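Read the structure below first, then the notes.
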Amino acid sequence: MAKYVFVTGGVVSSLGKGITSASLGTLLKRRGFKVSIMKLDPYINVDAGTMSPFQHGEVFVTWDGAETDLDLGHYERFIDENISGANSCTTGKIYSSVILREREGGYNGETVQVIPHITNEIQDRILKVGKNKDVVIAEIGGTVGDIEGLPYLEAIRQFSRRIGRENILYCHVTLVPYIAASGELKTKPTQHSVNELRRIGIQPDLIVCRSQYHVNADLREKIGLFCTVSPDCVFEAKDSNSIYQVPFDLKEQGFDTTVLKELGLPISSEPDMEDWKEFSRRFNTLEKELTIALVGKYTEIKDAYLSVNEALSHAGIANGVKIKVLPVAAEDLETKDPATLLANVDAIVVPGGFGLRGVEGMVLTAQYARENDIPYFGICLGMQVAVIEFARNVLGLDEANSLEMVEETEHAVICLMGEHKNIANLGESSRLGEYPCNLVTGSKSSAIYDEKMINERHRHRFEFNNEYIDMFEKSGMKIAGVCPTGGQVEIIENTNNAWMIGVQFHPEFLSRPVRPHPLFRDFIAAAIAKKNNAEDNKESKR
């Protein structure tokens with residue numbers, strides 16, 4: 001039977017429960033345990049698919065097409081495993097399931113209530129993730145005291161009776177703030193947070209203190225005394241220059257060893273972190289810097305493109321350069337000269353997005369990159385705007401002159417997917433999840449992947465109109481990847497440029513710290529080569 005670690009948070013949100021969970025998952029997996037991580041989110045949305053990136057950050061898509069919280073991206077990147085939609089549990093999913101069962105008579109006339117029906121549904125989903133696993137780490141979204149999170153806390157309290165207290169560990173992540181006026185770290189918020197958790201009926205086994213400064217032994221002793229926790233079970237999570245350093249910081253304090261002891265699991269060997277150590281070493285010794293423009297619709301919020309930023313960083317480290325991401329609002333490019341906003345960048349990424357706002361600025365970005373032979377990586381919408389720009393300015397097609405025509409005519413170069421034209425439900429109107437792609441022999445992408453067929457994750461409603469394939473290829477826009485099951489164009493390459501590739505899928509979701517995605521890795525290598533050539537040309541003219 002699986003063991004379960006429940007990670008809760010207190011005082012304020014965004015303390016790093018997700019990174020704490022992911023770091024523990026990494027350390028346990030590197031010890032040889034079969035680990036899975038899940039997120040229990042109190043919001044009433046069924047999933048994150050309809051949530052604004054301005055409020056919630058990016059939507060992370062799992063292999064089976066679930067639109068989830070961005071923390072699942074952290075989980076996958078840290079434990080290097082593909083997890084499913086079952087690892088994302090929301091209040092919307094819970095209540096929808098319970099209400100549907102009630103309507104179908106599944107409760108035999110019982111009065112359906114939060115306890116036990118909602119809490120049982122939560123527990124059933126937790127148990128499902130634990131099948132064939134040694135350890136399941138479950139992060140509870142929000143903070144202790146939030147009214148919407150109470151059913152989850154009650155569910156994990158009851159869970160100990162269901163599977164035995166010896167199979168459960170409660171880990172509470174809380175804030176230890178620094179008060180500049182007194183020059184002290186304060187433990188009172190942690191005490192109040194733990195007291196609130198205990199009032200609900202949960203006594204934490206471990207406390208992780210998020211702080212700007214070192215939480216010394218005296219503070220740990222005080223926290224342990226007031227919170228009825230051994231000082232040896234109080235850990236610090238001090239601010240770090242990289243989230244990938246956190247597993248090492250926790251391991252140094254014996255965090256994973258303590259978890260195993262508390263759960264009664266064997267401590268047979270140290271976690272094998274050699275590749276992570278090399279990754280960390282390279283990260284800390286980078287000297288050269290590369291500036292990548294990220295032209296998007298939601299650039300005010302860094303988390304809106306979290307996986308793209310991480311994938312760029314992974315690829316940069318693999319190529320020996322530090323990546324400086326320059327966010328550029330796509331709408332600004334509609335009123336300002338791209339040559340001004342993009343003058344000093346080494347390469348350009350245009351990521352995904354929905355709606356027409358800012359798309360004209362993205363089209364102008366693709367034109368600027370094509371005409372100046374700047375490495376360009378178009379992801380999902382970024383591929384589509386590159387196609388529209390090529391159709392307008394190279395092929396002179398009227399069908400690409402109005403972006404509104406994309407939704408109005410079947411003859412636009414980018415058109416609504418046929419199977420989704422009559423679907424009104426937004427949640428069912430996208431192509432989601434993992435699909436295969438056959439790579440065209442002799443294409444740049446085929447060489448980059450060094451594979452004949454790949455599987456990548458999708459989230460889009462529009463696609464390349466195949467009636468234009470011949471016209472595009474005759475003018476230098478090569479179709480480099482096609483889905484074998486539906487014939488959809490997956491990859492385009494402008495062969496007139498050194499590196500201009502657009503993909504209909506989201507490769508950023510498959511990038512890992514020690515295993516960067518091939519397309520991102522090659523994109524960064526192309527940008528380095530471009531920069532080096534430019535510097536060599538300058539030097540030769542002196």
Qualifying residue in the stretch 70-81 (condition: among the small types (Gly, Ala, Ser) and at pLDDT below 95): no
Candidate set: the stretch 1-31, residues that are touching a Pro at 6+ places or on another chain (Cβ under 6 Å) and surrounded by fewer than 24 Cβ atoms within 10 Å (Cβ to Cβ); chosen: the one nearest to PRO189 (Cα to Cα): VAL11
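I'd like to check something: does the stretch 46-54 contain any residue that is at pLDDT 95 or above, closer than 24 Å to SER242 by Cβ and in contact with a helix residue (DSSP H, G or I) (Cβ under 8 Å, 6 or more places away or on another chain)? Even if it seems obvious, please write down each step before you answer.
Initial filter on the stretch 46-54 (at pLDDT 95 or above): none.
Scanning the stretch 46-54 turns up no residue that is at pLDDT 95 or above, closer than 24 Å to SER242 by Cβ and in contact with a helix residue (DSSP H, G or I) (Cβ under 8 Å, 6 or more places away or on another chain).
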Where a residue in the stretch 137-155 is at pLDDT below 95 and its partner, wherever it lies, is among the aliphatic types (A, V, I, L, M) and assigned to a loop (DSSP other than H, G, I, E, B), with Cβ under 7 Å and at least six apart: THR143/VAL11; THR143/VAL12
Check on ILE156, part of a loop (DSSP other than H, G, I, E, B) and surrounded by 18 or more Cβ atoms within 10 Å (Cβ to Cβ): no
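Of these, ASP346, ASP337, which one is more than 30 Å from CYS233 (Cβ to Cβ), acidic (Asp, Glu) and buried (at least 22 other Cβ atoms within 10 Å of the Cβ)?
Working: ASP337 fails: buried (at least 22 other Cβ atoms within 10 Å of the Cβ).
Selected residue: ASP346, the only one of ASP346, ASP337 that is more than 30 Å from CYS233 (Cβ to Cβ), acidic (Asp, Glu) and buried (at least 22 other Cβ atoms within 10 Å of the Cβ).
State whether the residues of the stretch 167-179 include one that is more than 29 Å from LEU306 (Cα to Cα), in a helix (DSSP H, G or I) and not β-branched (Val, Ile, Thr).
Pass one, the stretch 167-179, residues more than 29 Å from LEU306 (Cα to Cα): 167-169, 179.
Pick out the ones that are also in a helix (DSSP H, G or I) and you get 167.
Within this subset, residues satisfying the condition of being not β-branched (Val, Ile, Thr) are 167.
Yes, because at least one residue in the stretch 167-179 is more than 29 Å from LEU306 (Cα to Cα), in a helix (DSSP H, G or I) and not β-branched (Val, Ile, Thr).
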Enumeration of residues in the stretch 110-124 that are free of Cβ contacts under 8 Å to residues at least 60 places away in the same chain, assigned to a helix (DSSP H, G or I) and touching a helix residue (DSSP H, G or I) at 6+ places or on another chain (Cβ under 7 Å): VAL114, ILE115, HIS117, ILE118, THR119, GLU121, GLN123
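With the requirement that a residue be over 19 Å from ASP64 (Cα atoms) and either touching a Phe, Trp or Tyr at 6+ places or on another chain (Cβ under 8 Å) or in the same structural domain as GLU58 (by TED's automatic domain parsing) (or both), what does the stretch 450-477 give you? Show your work before the answer.
Let us first name the residues in the stretch 450-477 that are over 19 Å from ASP64 (Cα atoms), namely 450-452, 462-477.
The answer is PHE472, SER475, MET477.
Taking VAL349, is it among the β-branched types (Val, Ile, Thr) and without any contact (Cβ under 8 Å) to a residue 40 or more places away in the chain?
Numbers: among the β-branched types (Val, Ile, Thr): yes; without any contact (Cβ under 8 Å) to a residue 40 or more places away in the chain: no.
Judged against the criteria, VAL349 is not a match.
Would you say SER84 is touching a Leu at 6+ places or on another chain (Cβ under 8 Å) and closer than 22 Å to HIS458 by Cα? Don't jump to the end; show me each part of the working.
Numbers: touching a Leu at 6+ places or on another chain (Cβ under 8 Å): no; closer than 22 Å to HIS458 by Cα: yes.
No: the conditions fail for SER84.
Can you name the strands (runs of 3 or more DSSP E) wholly within the stretch 363-445 that have at least 1 residues being in the same structural domain as ALA293 (by TED's automatic domain parsing), modelled with pLDDT under 95 and among the hydroxyl-bearing types (Ser, Thr, Tyr)?
Details: elements: 376-379, 414-416, 431-439.
Because the criterion is at least 1 residues that are in the same structural domain as ALA293 (by TED's automatic domain parsing), modelled with pLDDT under 95 and among the hydroxyl-bearing types (Ser, Thr, Tyr), no strands (runs of 3 or more DSSP E) in the stretch 363-445 meet it.
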Breaking point among (1) surrounded by 17 or more Cβ atoms within 10 Å (Cβ to Cβ); (2) of a type in the set (A, V, I, L, M); (3) more than 17 Å from the chain's Cα centre (by Cα), for LEU510: (3)
Index of the failed condition, ASP346 passing every other in (1) closer than 16 Å to VAL514 by Cα; (2) in the same structural domain as TYR376 (by TED's automatic domain parsing): (1)
Criterion violated by SER88 - all others in (1) within 24 Å of the chain's Cα centre (by Cα); (2) small (Gly, Ala, Ser); (3) loosely packed, with under 13 Cβ neighbours inside 10 Å satisfied: (3)
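The values are calculated or read from the model by the stated rules, or taken from the named source; none is laboratory data. These figures come from a predicted structure and were not determined experimentally. Methodologically, a virtual Cβ is constructed for each residue, glycine included, from the backbone with ideal geometry; neighbour enumeration extends over all protein chains shown.
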